[in-house]
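Written below as structure tokens is the structure these notes are about.
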Amino acid sequence: MGSLKKDFFDILKNQRIKPVFQPIVSLTDGKIIGYEALSRIVNSKEISCSEELFQIAEIYGKVWELEQLCRGKILEKYYSLHVNDNKMLFLNVNPMVIHDKEFRAGFTHDYLKQYGLELNNIVFEVTERNAIDDIKGFKDTIRHYKSQGYKIAVDDAGSCYSGLNLICDIVPHYLKLDILLIRNIHNDAIKYAMVKSMVEFANLAGIQLVAEGIECEEELKTLLKLGVHNGQGFFLGKPHEELRKVEEPAIDIIKRYNKKEDCMRNSRETGMLICNNFCKGNYQKKTVWDYQ
């Protein structure tokens, strides 16, 4: 435990954190809607990932310091890469610090302007896996940020039962489906049914879904068939220090699927027009080519 503690405090002191960015892709047209910013530890044998790092930070009462370090690194790096193209920046935020006054001060309009960012292009991701002690205060804070123009995403949806209540209470702009729901969805009828119901719910509630952890062609094709709005995962694009484009195989699949859907939709609409005219006795006046 001594070496773990030493490594943790050395990470804080020497800022051994580097940000990477993973594209979040529209499954309607294959375009990137934004990037999720992730923090990676530099040269650590004791701590394996950022999730473990934040768990250790909680033990030593250093969550706020670690949050500041990660956020500062992310904004500086994103600014150095960023072209003003209206992409969203998804930031993971620990519920323990989101209502802190210092956190709010770090997301004023003037502060973000230094980094070429607008309030409405920032998406705060909160995960339902994190315990929220002051649920009322948390909800009030979320309402505050939404009223300012920020976007809210609930991460890892489907990983905990309690998350359904949280989703209904705060009505996020984005709902990120947990990787375990997506893994092998093409071979799992229960997962398929679950995601199908989430699509119907999201459409009714006006929430955008993001399927996390898409790692193969079959998963992507199944999510396209289900009508999931957006996707994220290695098959679409891996986290990288640069702002990378979507992988070519994935773009091709998305575009071909949606082109096919458009053709089928047009065919159905043409068929309905012909049928309506036939029923009205106008079928001799028009042919199918008149509707193309």
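Looking across the range 218-257 at every residue that is farther than 21 Å from Val195 by Cβ and assigned to a helix (DSSP H, G or I), the one that is least open to solvent (accessible area, probe 1.4 Å) is identified as Ile251.
Every residue in the range 209-258 that is out of contact with any helix residue (DSSP H, G or I) (no Cβ under 9 Å at 6 or more places or on another chain) and charged (D, E, K, R), please. If you could, list the steps in order and put the result at the bottom.
Going through the range 209-258, the residues out of contact with any helix residue (DSSP H, G or I) (no Cβ under 9 Å at 6 or more places or on another chain) turn out to be 210, 230, 232, 234, 238-240, 244, 247-248, 251-252, 255-256.
Selection gives Lys238, Arg244, Glu247, Glu248, Asp252, Lys255, Arg256.
For the range 79-100, what are the residues that are under 18 Å from the mean Cα position of the chain (by Cα) and among the aromatic types (Phe, Trp, Tyr)? If the condition is that a residue be under 18 Å from the mean Cα position of the chain (by Cα) and among the aromatic types (Phe, Trp, Tyr), then Phe90 is the only one that fits.
So which residues in the range 1-16 are in contact with a strand residue (DSSP E or B) (Cβ under 8 Å, 6 or more places away or on another chain) and open to solvent by less than 10 Å² (accessible area, probe 1.4 Å)?
Taking the range 1-16 and keeping what is in contact with a strand residue (DSSP E or B) (Cβ under 8 Å, 6 or more places away or on another chain), we get 11, 16.
Selection gives Ile11 alone.
Screening the range 133-212 for strands (runs of 3 or more DSSP E) wholly inside it with 2 or more residues that are small (Gly, Ala, Ser) and either more than 17 Å from the chain's Cα centre (by Cα) or buried (at least 18 other Cβ atoms within 10 Å of the Cβ) (or both) returns the ranges 151-157.
Got a number for residues in the range 49-68 being open to solvent by less than 20 Å² (accessible area, probe 1.4 Å) and not acidic (Asp, Glu)? Quick ask: steps written out before the conclusion?
Quick first cut of the range 49-68, residues open to solvent by less than 20 Å² (accessible area, probe 1.4 Å) only: 53, 56-57, 63, 66-67.
If we keep only those that are not acidic (Asp, Glu) as well, we get 53, 56-57, 63, 66.
Number of matching residues: 5.
Test Glu261 against the stated conditions and say whether it is modelled with pLDDT of 95 or more and surrounded by 11 or more Cβ atoms within 10 Å (Cβ to Cβ). Here the answer is no, as Glu261 does not meet what is asked.
Test Ser80 against the criterion of being in contact (Cβ under 8 Å) with a residue 24 or more places away in the chain, open to solvent by 30 Å² or more (accessible area, probe 1.4 Å), among the polar types (S, T, N, Q) and out of contact with any strand residue (DSSP E or B) (no Cβ under 9 Å at 6 or more places or on another chain), and give yes or no. Taking the combined requirement at face value, the residue does not satisfy it.
The values are calculated or read from the model by the stated rules, or taken from the named source; none is laboratory data. Source: prediction; values computed, not measured. Neighbour counts run over all protein chains shown; Cβ positions are idealised from the backbone, glycine included. Ligands, DNA and RNA are excluded from the accessible area calculation, which covers all protein heavy atoms including side chains. Shrake-Rupley method; radii C 1.70, N 1.55, O 1.52, S 1.80 Å.
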